[in-house]
1. In Å, the Kirkwood hydrodynamic radius of the stretch A:171-296 over pairs of distinct alpha carbons?
2. What share of all Cα pairs of the protein assembly as shown, in percent, falls into each consecutive 20 Å distance bin?
3. Determine how many Å³ per residue the convex hull of the Cα atoms of chain A encloses.
4. Shape of the stretch A:211-250 from its Cα gyration tensor (a ≥ b ≥ c, root eigenvalues): rounded if a/c is under 1.5, otherwise prolate when a/b > b/c, or oblate?
5. Let me spell out the model: positive unit charges on the Cβ of Lys and Arg, negative unit charges on the Cβ of Asp and Glu, origin at the Cα centre of the stretch B:140-202. What dipole size does that give, in debye rounded to 20?
6. Dividing the alpha-carbon radius of gyration of chain B by 2.2 N^0.38 Å (N being the number of residues), what value is obtained?
7. Looking at the calculated P(r) for the stretch A:190-259, what percent of the C-alpha pair distances fall above 20 Å?
8. So what J values fall out for the stretch B:105-111 if you push phi through Karplus, 6.51 cos²θ - 1.76 cosθ + 1.60 with θ = phi - 60°, rounded to Hz, Gly and Pro as x?
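What follows is calculated from the coordinates using simple rules that are stated; it is not laboratory data. Owing to the predicted nature of the structure, the values given are computational and were not obtained by experimental measurement. Counting neighbours? That spans all protein chains shown, and the Cβs are built from the backbone with ideal geometry, glycine included.
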Amino acid sequence: MQGGSITSKQRHVWIYLSPWLITLFIFWAYPFAHSLYLSFTDYELLAKSSSFVGIANYTRLLQDSDFLRALLNTAVFVLGTIPFTTVIALVLALLVNQKLPGAKIFRSGYFIPSITSLVVIALIFTNLYSKGGYLTLLCDMVGIPTPERGFLFSEGTALASIMVMDIWIASGYYMLLFLAALKSIPCEHYEAAAIDGASGWRSFWSITLPQLRPMMLYVVLINTIKSFQVFVEIYVMTKGGPLNSTLTAVYFVYDRGLHRFDMGYASAAAYILFILIMIFALLQMRVFGIERGTAE
Amino acid sequence: MKLRNAALLLLMTFILVGMLMPLWWMLLGAFSSTFSSGSLIKNITDYSITLDNFASIMKVKNFGRSVLNSAIVGGLVTAGNLVFCLMCGYAFARFRFPGRKLLFVTVVAVIMIPVHIIIIPLFLLVKNIGWYDSYAALIVPFLVNPLGILLLTQYIREIPTDIEEAARIDGAGEFRILFSIVAPMCKPVLAVLAVQVFMTNWNSFLLPFILTTSDSMRTLPVMLALLQGYQQIDWPQIFAASTVSAIPVIAVFLLFQKHIVSGVTAGAIKT
């Protein structure tokens with residue numbers, strides 16, 4: 001493409017890329033491979049030696065009721081939050097996109113929860129959800145029954161409470177992405193539809209939604225990858241309890257690997273989760289990709 | 001139409017209150033002298049503002065240190081990203097070299113790869129090279145982030161090459177071209193990157209948490225998460241500490257809104 005002394009320029013490319021390549025290989029690529037290796041060993045931090053155990057960790061995991069529970073909880077978390085987050089985010093984006101006074105203030109306000117530290121948010125909600133906390137008192141006032149030990153210490157409500165919090169946090173973030181996509185739809189589409197006498201509702205279904213499809217894929221994909229890894233809120237709010245009702249896959253990896261130091265076993269769990277995430281991501285690309293292909 | 005707009009505004013205000021209520025609750029707790037949920041709801045007139053909670057949280061051993069750690073780590077990681085992402089973005093945008101396509105795909109892939117997969121081996125690695133519980137562990141692995149490379153590559157591609165070519169003909173060296181000609185033209189995107197990296201780092205929990213162990217090496221979010229387990233720490237103090245963590249980010253957001261919004265959306269729109 002460009003002229004000039006090719007060789008001296010070539011040399012510079014590798015100088016420019018080297019900080020990234022070095023950190024990439026040492027701190028990301030190598031651990032990524034090492035993790036796969038560990039998953040086939042019985043490595044424990046405190047043990048003197050470790051040996052190759054083949055797929056023993058994997059077969060043990062599939063019989064470990066804690067791990068299966070963790071996968072189930074993670075699936076509930078992912079499937080239970082993403083549809084709500086996506087729809088709420090889209091509605092918020094449509095609302096903020098109306099030409100109303102103060103739209104920018106609303107946009108900023110809705111976005112603030114998602115830039116605040118997750119630890120901070122989790123702490124605030126721990127207080128709100130606690131026995132005698134703000135939310136229980138509010139529920140008492142309107143006569144909604146509340147769990148006796150507070151929302152987070154009751155098996156039936158703990159995971160759902162954390163899910164509600166996560167929907168609340170993430171909606172504003174994805175709203176911003178939808179808003180950017182909405183603004184990039186050419187006005188002519190709507191003008192043409194208006195001339196043809198299409199109602200607002202009609203043009204939403206036949207113009208807005210199809211145009212939003214690529215962003216929809218991106219939002220769902222990013223959110224899936226993120227949600228599968230839910231950890232911080234679990235660590236701060238429940239530590240996986242009560243009775244494993246909020247134990248998630250990454251919390252399991254952390255607990256077995258860095259708490260009990262059963263690292264081979266935890267690495268196998270991490271890889272199973274990784275493979276599940278990849279399968280989900282590819283499926284989503286497939287589904288959205290095919291639909292997009294037929295729409296165009 | 002008027003009625004519809006009024007209804008929409010009412011709805012949006014209602015949602016806004018819901019969105020900000022928990023943070024308002026945090027501030028209420030942080031500045032209150034007699035904080036308990038019950039008394040606050042039943043008798044809001046009892047409320048009086050005080051800074052005592054901040055004073056007592058600053059007395060907690062190593063809390064101030066954790067704020068300092070977060071500032072130091074955030075500052076250095078941001079500086080590193082500005083320089084290194086600029087270098088990588090320039091390389092990808094302006095040079096043809098063997099393996100370029102593959103490396104660029106790697107950039108995107110690394111953005112997508114879930115971080116949980118490396119926590120155990122990263123912990124082992126950092127321990128083995130003697131960096132466990134040190135600033136190096138908190139800084140070096142995070143010096144170049146792939147999202148920043150993507151951002152810079154896309155931005156530099158849009159800049160015409162004439163000025164660089166002219167400088168090259170005048171005999172300017174490659175580094176001079178990058179740092180004194182291209183870099184100033186990238187100021188807007190570098191601002192986006194700086195705000196983005198600093199905020200992410202300031203809030204980051206999982207990796208700083210597993211790569212450190214002593215109280216004096218904790219960053220602010222890690223310190224916050226651990227405060228719950230401390231004796232004699234109550235909600236007002238936790239909320240005061242949370243406020244110390246949240247307010248800078250919200251302030252930066254309100255000041256640099258444009259940068260943050262374009263940083264969030266830039267990656268999405270063009271991929």
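1. 17.7 Å
2. In order of increasing distance, the bins hold 18, 52, 28, 3 percent.
3. It comes to 232 Å³ per residue, whole-number rounded.
4. prolate
5. The calculation lands at about 240 debye.
6. 1.26
7. That tail contains 56 percent of the Cα-Cα pairs.
8. 4, 4, 4, 5, 4, 5, 4
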